[in-house]
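Asks: I have a structure here, written as structure tokens, and I will follow up with some questions on it.
Bear in mind these aren't lab numbers, they're just calculated from the coordinates by the rules spelled out. Please read these numbers as outputs of a predicted model, since none were measured by experiment. Here the Cβ positions follow ideal geometry from the backbone for every residue, glycine too, while neighbour counts run over all protein chains shown.
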Amino acid sequence: MKEHVIAQSPARVHTTWADFLRDQAGVLLACDFFEVRTLTGARLYVFAVIEHATRRIHILGATAHPTGQWVTQLGRNLLMDLHEGGTTAMFLIRDRDAKFTEAFDTVLTDAAIQVVTTGVRIPRMNSLMERWIQTCRRELLDRTLIWNQAHLLPRAERVRDVLQRTSTTSDARAGSSPPAAA
């Protein structure tokens, strides 16, 4: 291009992260873990995934001891959920947590989903998921004492359902198309 004095296209110069998220929202997923403390002081790790376009949340599971095998199986479960829901995803945003093993990435790559890792200590790169986790903490964990995993999951799913109904109602009032229900 330099030999022929052709200027570089502005679109090829640089794509910002915000542009990527906006352009790929229809085929973009984001996932993360969040920690819950029970009444006994035990830690539970909840794994959730959000679809960017619809804001549909998939709460895939919770455990006190997340292993690479467990996370990989949740990746398979996610693919089944997406297939049943008719979602076509091309990208999954995740952080660099050691819980995400190469096997997890391979399961998604085999399903034609490219794994995009966020930068080190840059939670804004996964802001949609981080925002949902904060809302879940505020609406559930700050108001409810959690006994154990069996107590946690149904309540987290109920909060997810209420938040999705609320966003559907506000989207309808704003005149936009509502997200699909989970």
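Asks: Under 5 Å between amide hydrogens, which residues at least 5 positions from Asp95 or on another chain qualify, with H placed 1.01 Å from N in the peptide plane?
Replies: Under 5 Å from the amide H of Asp95 lie the amide H atoms of Thr118, each far enough along the sequence or on another chain.
Asks: Now, a different point. For region 16-40 and region 49-72, what is the separation of their Cα centres, given in Å?
Replies: 10
Asks: Would you work out the charge dipole size for region 78-130 about its Cα centre, treating the Cβ of every Lys and Arg as +1 and the Cβ of every Asp and Glu as -1, and quote it to the nearest 20 debye?
Replies: My answer is approximately 300 debye.
Asks: Pop out the ³J(HN,Hα) list for region 36-49 in order, Karplus 6.51 cos²θ - 1.76 cosθ + 1.60 with θ = phi - 60°, rounded to Hz; leave Gly and Pro as x.
Replies: 10, 9, 8, 4, 7, x, 5, 9, 10, 10, 9, 10, 9, 10
Asks: May I pose another question? Taking a temperature of 25 °C and a viscosity of 0.890 mPa s, what whole-number D in µm²/s does Stokes-Einstein yield for region 10-100 with Rh from Kirkwood over alpha carbon pairs?
Replies: Using the Kirkwood radius from Cα pairs, D works out to 167 µm²/s.
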